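The values are calculated or read from the model by the stated rules, or taken from the named source; none is laboratory data. Keep in mind that this is a model prediction, so the values were computed, not measured. Here the Cβ positions follow ideal geometry from the backbone for every residue, glycine too, while neighbour counts run over all protein chains shown.
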Amino acid sequence: MTAVGVFLFFGAAMASLAGTTLVWQGSALNRIWNLNPRAYKELAPLGKAVGIPFLLLAATLVVAGIGWFKRRRWGWMLAVALIATQVLGNLANIWMAHYLEGGTGLVIAGALLLYLIQPAVKNFFVTRSLYE
């Protein structure tokens, strides 16, 4: 259970880094894109148009992580929605002939989604208000 929460915060950090480097291009942080130059080549020309959604994704991941660690049902639902969206994104990658990336992502995200929807995992979370 802890690993999923850590994963959500790690995703937030990575989305923040991507968003920051796309919104404010040319900083020393841009070297991180050497890890995925194809993605940078596709995303950099879009700049703020994709950087801001990455920052919004990061905020959503932080909220999901907080809900996850507080064992709130809404945190579980948000995590499920985020991972289900990732599964769809990986299917889109496969459709666009990025077979290795899409296939690998689909296996990982699909396995995580299957884990998250197990009744034992779902029942670990309590139904409480978003504002508690």
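Checking segment 5-16 against the condition returns no match, with no residue being within 28 Å of Q118 (Cα to Cα), crowded, with 18+ Cβ neighbours inside 10 Å and out of contact with any helix residue (DSSP H, G or I) (no Cβ under 6 Å at 6 or more places or on another chain). Of the residues making up segment 45-59, not a single one is without any contact (Cβ under 8 Å) to a residue 24 or more places away in the chain, part of a helix (DSSP H, G or I) and surrounded by 15 or more Cβ atoms within 10 Å (Cβ to Cβ).
In the list G5, G11, which residue meets the criterion of being in contact with a Leu (Cβ under 9 Å, 6 or more places away or on another chain), in a helix (DSSP H, G or I) and at pLDDT 90 or above? Spell out how you get there, then give the answer.
On the way: G5 fails: in contact with a Leu (Cβ under 9 Å, 6 or more places away or on another chain).
Being in contact with a Leu (Cβ under 9 Å, 6 or more places away or on another chain), in a helix (DSSP H, G or I) and at pLDDT 90 or above holds for just one of G5, G11, which is G11.
Any residue that is closer than 22 Å to V4 by Cβ and either modelled with pLDDT under 95 or not basic (K, R) (or both) - is there at least one of those in segment 23-41? No, every residue in segment 23-41 fails to be closer than 22 Å to V4 by Cβ and either modelled with pLDDT under 95 or not basic (K, R) (or both).
Counted as qualifying within segment 64-123 are the helices (runs of 4 or more DSSP H) with 1 or more residues that are under 19 Å from F10 (Cα atoms), namely 73-95, 99-116.
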